[in-house]
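Just below is one structure, and these are the notes that go with it.
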Amino acid sequence: MSTFMAKANEVERKWYVVDAEGVTLGHLAAEVASVLRGKKKPIFTPYVDCGDYVVIVNAEKIKVSGKKLDQKIYFRHSEYVGGVKTLTLRQMLEKHPERVVEHAVKGMLPKGALGKQMYSKLHVYVGPNHEQAAQKPEVLTIR
């Protein structure tokens with residue numbers, strides 16, 4: 001008996017919508033990364049993108065524990081000498097709350113071309129409305 005290996009063109013993809021209101025950032029990112037990767041599917045193959053599409057709404061209403069709002073720091077660099085820019089989680093949630101969720105999920109995906117392909121199936125929105133209503137996404141609940 002030979003082992004089944006999924007092929008990229010044979011994978012059936014679903015659409016899921018996740019409401020991030022009141023959900024801890026780490027739990028949300030871990031569950032979404034698992035769905036994007038396709039880990040819970042019986043046809044999971046490590047080197048093939050078997051995952052589904054995920055739409056996250058209410059990104060500004062996530063919660064974090066402890067003092068992370070003031071102690072977690074996001075770094076950017078302008079490529080010039082001394083060009084490091086820093087933002088705390090609180091500042092990031094005020095300016096770009098969708099980037100906080102995107103950054104957390106991206107860090108839990110594989111690095112390289114396969115991870116980028118999986119990451120492209122993630123859509124994050126501020127507020128309850130999203131543009132993927134035509135795909136009729138199923139609701140995915142996260143503890």
Proximal lysines to K63, defined as alpha-carbon separation beneath 23 angstrom and excluding residues fewer than eight positions away on the same chain: K72, K95, K106
0 to 90° range, to nearest 10: angle between helix 97-106 axis and the chain longest Cα axis: 50 degrees
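For the range 38-83, take the alpha-carbon Rg, divide it by the Kirkwood Rh, and send me Rg/Rh.
Dividing the radius of gyration by the Kirkwood radius yields 1.19.
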Distance in nm between pseudo-label sites at K40 and Q132 (7 Å out along the Cβ direction from Cα): 1.5 nm
Restraint check, K40/K85; K41/K67; K61/K116; K40/K136, Cα-Cα greater than 31 Å: K40/K85; K41/K67
Nitroxide proxy distance, nm - points 7 Å out along Cα→Cβ at K72 and Y47: 3.5 nm
Cα-Cα pairs of the chain separated by more than 18 Å (percent): 59 percent
In degrees, nearest ten, helix 25-37 long axis to first principal axis of the chain (Cα): 30 degrees
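So which trypsin sites (Lys or Arg not before Pro) in the range 1-89 are both in a DSSP loop and have at most 16 other Cβ atoms within 10 Å of their Cβ?
Details: sites: K7, R13, K14, R37, K39, K40, K61, K63, K67, K68, K72, R76, K85; in loops: K7, R13, K14, K39, K40, K67, K72.
Within the range 1-89, the qualifying trypsin sites (Lys or Arg not before Pro) (loop, at most 16 other Cβ atoms within 10 Å) are K7, R13, K14, K39, K40, K67, K72.
Using a simple charge model, +1 on the beta-carbon of Lys and Arg, -1 on the beta-carbon of Asp and Glu, nothing else, what dipole does the chain show about its Cα centre, in debye to the nearest 20? Working shown, then result.
Values: 23 positive and 15 negative charges, 86 e Å.
Approximately 420 debye in magnitude.
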Residues whose placed amide H lies under 5 Å from that of I56, excluding near-sequence neighbours: V18, H123, V124, Y125
Approximate spin-label separation S2-R143, in nm, with each point projected 7 Å along Cα-to-Cβ: 4.0 nm
Within the chain, longest stretch free of exposed GluC sites (Glu not before Pro) [DSSP loop, at most 16 other beta carbons within 10 Å]: 22-78
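All of the numbers you see were taken from the coordinates with simple rules; none came from a lab. It should be emphasised that the depicted structure is a prediction, and the values quoted were computed from it without experimental measurement. Glycine gets a Cβ as well: all are built from the backbone with ideal geometry, and neighbour counts include every protein chain shown.
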